[in-house]
Structures are given as C-alpha cells and as structure tokens.
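Beneath this line is the structure, given in structure tokens, with notes to follow.
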Amino acid sequence: MAIPDYQTCMLPLLKFYGDGQEHTNRETIDALAKDFKLTDEERRMMLPSGVQGLFDNRVNWARTYMKKSALIESPKRGVHRITKRGLDVLKKKPQRIDVAYLGQFQEFKDFRALRHAKEETEEPEGDLNNRTPEESLEGAYQKLRGDLATDLLQRLKAC
C-alpha cells in the first residue's frame, strides 16, 4: 500500500483516539502504520529534507488539523486524546474526514484563515489539500533551486 496522504489519516486517527485514553505521538503513529499495513520500507521513507519520516509527518499534520478543529486535545506535550466533539463526530460515522469536513468547525476556519493570510502560493487549492506544509515548502524549494540552476547554466553558456 502507498503511504496515505494526511487527509486519509484523519478518520483512522480519530477512531484510534476514540477509546478515550491518552496516547503518545509514537504510539499513535505505530498504530496507524499497522492499520494502513505499511511495510518497513514505507515506514523508513523520509521527506526530501531527510529530517522526518514521510508517514510520521503526515500523521502529525492530520493530528494538528484535528486539534485545530477541537476534535482532539493535548493534555500534555506529545500526548493526545479525543474531545467530546470528537466523540460526537465518531457517533455520526462519517465516511471520510478531510479538510472540507473540518470546515464546519469555526476553530478550523479561524486556523485556515490565519494560515492562508500568511501564505502566498501559486499552487491550485486541490494540490495544497493533499500536501503537508513541509511538502509544499520542499516543492517550492526544489522549484527555486531548479530555476536557479537553469539561470546559472544559461549565464555560463553566455560567457
């Protein structure tokens, strides 16, 4: 199975927290990796920056968005649990939780408005929804680096 995007991780993440217990970040990532049946190779895949695992990053962003929507809370650093709102969402048995679904919550709307006010991008909205901010930044960095390389090559040829 391919590594799921962060939106695909949202519903399984909320279901994992649905037991009402507190869970560490590592425990959560390990449980979701098992749920998605990821191989060891897929688990070892890194972001292009090499700083963090790709799956870990996607689960972390799913968790951030769920937290900004008040579906989960963090009673202490690195530990999360479901909120009453999160339990109410699970009772409705949604087929999928994604950015569009989270848009019904004012806290999430406020978070997105603040984030988009700071963000200037030329990428279409659909592409942004499937990429984490790190992936978007890495893509922008790679584009700038490629443009610079092309420009330098043209200047060298001109000399």
Within region 94-136, residues assigned to a helix (DSSP H, G or I), modelled with pLDDT of 75 or more and exposed (fewer than 12 other Cβ atoms within 10 Å of the Cβ) come out as Ala100, Gln106, Asp110, Ala113, Leu114
Over region 1-16, the set of residues within 16 Å of the chain's Cα centre (by Cα) and either over 16 Å from Gln95 (Cβ atoms) or outside any helix (DSSP H, G or I) (or both) is Ala2, Ile3, Pro4, Asp5, Tyr6
Note on region 26-45: residues assigned to a helix (DSSP H, G or I) and either in contact (Cβ under 8 Å) with a residue 12 or more places away in the chain or exposed (fewer than 11 other Cβ atoms within 10 Å of the Cβ) (or both) are Arg26, Thr28, Ile29, Ala31, Leu32, Ala33, Lys34, Asp35, Asp40, Glu41, Glu42, Arg43
Of (1) crowded, with 16+ Cβ neighbours inside 10 Å; (2) in a loop (DSSP other than H, G, I, E, B); (3) out of contact with any helix residue (DSSP H, G or I) (no Cβ under 7 Å at 6 or more places or on another chain), Asp19 satisfies every one except (1)
Flagged in region 46-78 as within 17 Å of Gly20 (Cα to Cα), among the polar types (S, T, N, Q) and out of contact with any helix residue (DSSP H, G or I) (no Cβ under 8 Å at 6 or more places or on another chain), in numbering order, are none
Restricted to region 68-90 and to residues being modelled with pLDDT of 95 or more and over 15 Å from Tyr101 (Cβ atoms), the residue surrounded by the most Cβ atoms within 10 Å (Cβ to Cβ) is Ile82
Those residues of region 61-93 which are touching a residue at least 40 places away in the same chain (Cβ under 8 Å) and in a helix (DSSP H, G or I) amount to Trp61, Ala62, Arg63, Tyr65, Met66, Lys68, Gly86, Leu87, Val89, Leu90
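The values are calculated or read from the model by the stated rules, or taken from the named source; none is laboratory data. Please read these numbers as outputs of a predicted model, since none were measured by experiment. Reconstructed Cβ throughout: ideal geometry from the backbone, glycine too, with neighbour counts over all protein chains shown.
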